[in-house]
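Undergrad: Below is one structure. I have some questions about it.
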Amino acid sequence: MQTATTATKKRRNGVGEVLHRIGKSPMAVAGLVILAVIFFLAVFADVIAPVHYAKQNLMHAFEPPSAQFWLGTDEFGRDILSRIIYGARISLMVGFISVGIAMCVGGVLGAVAGYYGGRTDNLIMRAMDILLSIPSILLAIAIAASLGPGLFNLMIAVGIAAIPQYARIVRGSVLSIRGQEFVEAARAVGSSDARIIFKHILPNCMAPIIVQGTLGVATAILVAAGLSFIGLGTQPPIPEWGAMLSGGRSYIRDYPYMTLFPGIAIMLTILALNFVGDGLRDALDPKLKR
């Protein structure tokens, strides 16, 4: 007679097993908790924030942290706590949408290159090598400068800069999968190349893509903050964390809290995403499964 523990272990599969393995990592759990809080703040910013992010009150400019203004106010008397809460919405949106762009475009390019090989593979991957030869932050700056400042252009710039990474990851996975029996069986029954790629091959490449995507969101948020810091991202009065850092740098000697709190928000978000990414990598690694 099987014990309850054995039965429970047998029932764990798929998503349940991955969640179980993530739950065994304290760092991953801590990252999930932090991310849950940040997502909650972003979704309910209109309710949670004390005031609207753009509301100005010059009578309270440069107020230090206090019972009335928990994180102080900026040079226009805007509540920094409210702007950080609304900024979570902007930063997360930029991070996930830009990674979504990179994942979709890079995934398709990598799948096509790995599946067809030959000249197609050579052409696509040499183009990716050219993009990889340029530091991603410099590539994003060049694209953002060409498109102009703005939230939408910021997401496009960060997404394009990350495409080569996903193309190489997917290509490597496709090369190891395309010769397996289930792919040959799909060809034998007359499935089209597009059907084989999108229905049979790509779903089996999701583990490394998910891990890279989680870590990529952290990188995208950091790159977006850097672009906003130099004026190529979101424009005032939109409260993006990088733009808040840029706005507070002129007053950092006298009012350091103006840059301290947005910096902490960026640090916590990236740290949480890295913890979750490491946890997912360990949970999805077949070598660690028993």
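Every read-out reported here was derived from the displayed coordinates using simple, explicitly stated rules and does not represent laboratory data. Bear in mind the structure is a predicted one, so any value in this text is a computation, not a measurement. Here Cβ is always computed from backbone atoms with ideal geometry, including for glycine, and neighbour counts include all displayed protein chains.
Undergrad: Within 10 Å, count the other beta carbons around each residue, average over each peptide in 35-47, 182-194, and list them highest first.
TA: For the peptides 35-47, 182-194, the packing ranking is 35-47, 182-194.
Undergrad: Remind me, what semi-axes does region 105-158 give for its equivalent ellipsoid, largest first in whole Å, using sqrt of 5 times each Cα gyration tensor eigenvalue?
TA: Working through the eigenvalues yields semi-axes of 27, 12, 7 Å.
Undergrad: For Ala127 and Lys55 in the same chain, what is the full-extension length gain: residue separation times 0.36 nm, less their Cα-Cα distance, in nm?
TA: Stretched out fully, the Ala127 to Lys55 stretch lengthens by 21.2 nm.
Undergrad: By the gyration tensor of its Cα atoms, with a ≥ b ≥ c the square roots of the eigenvalues, what is the shape of region 54-207: rounded for a/c under 1.5, prolate for a/b over b/c, or oblate?
TA: Note, shape of region 54-207 comes out prolate.
Undergrad: Could you give the angle, 0 to 90 degrees to the nearest 10, between helix 257-284's Cα long axis and the longest principal axis of the Cα atoms of the chain?
TA: So the inclination is approximately 10 degrees.
Undergrad: Please state the charge dipole magnitude for the chain, taken about the Cα centre, from unit charges on C-beta atoms (+1 on K and R, -1 on D and E), reported in debye and rounded to the nearest 20.
TA: It comes to approximately 1120 debye.
Undergrad: While we're on this one: If the chain between Ala194 and Ala67 were fully stretched, how many nm would it gain, using 0.36 nm times the residue separation less the Cα-Cα distance?
TA: Computed gain between Ala194 and Ala67 is 39.7 nm.
Undergrad: For the chain, count the residues as N, evaluate 2.2 N^0.38 Å, and divide the Cα radius of gyration by that value, please.
TA: Normalised by 2.2 N^0.38 Å, the Cα Rg of the chain equals 1.19.
Undergrad: Now, a different point. So for region 204-290, what are the equivalent ellipsoid semi-axes in whole Å, largest first, each being the square root of 5 times an eigenvalue of the Cα gyration tensor?
TA: Taking √(5λ) for each eigenvalue gives 34, 14, 7 Å, largest first.
Undergrad: Between region 130-208 and region 33-99, what is the C-alpha centre distance in whole Å?
TA: Spelled out, the Cα-based centre of one part sits 34 Å from the other.
Undergrad: Along the charge dipole of the chain, which of Val33, Ala186, Leu139 sits closest to the positive end, that is, farthest toward it, with unit charges on the beta carbon of Lys, Arg, Asp and Glu (+1, +1, -1, -1)?
TA: Ala186
Undergrad: So how much slack lies between Tyr116 and Ala145, counting 0.36 nm per residue of separation and subtracting their Cα-Cα distance, in nm?
TA: Working it through step by step, the gained length comes to 6.9 nm.
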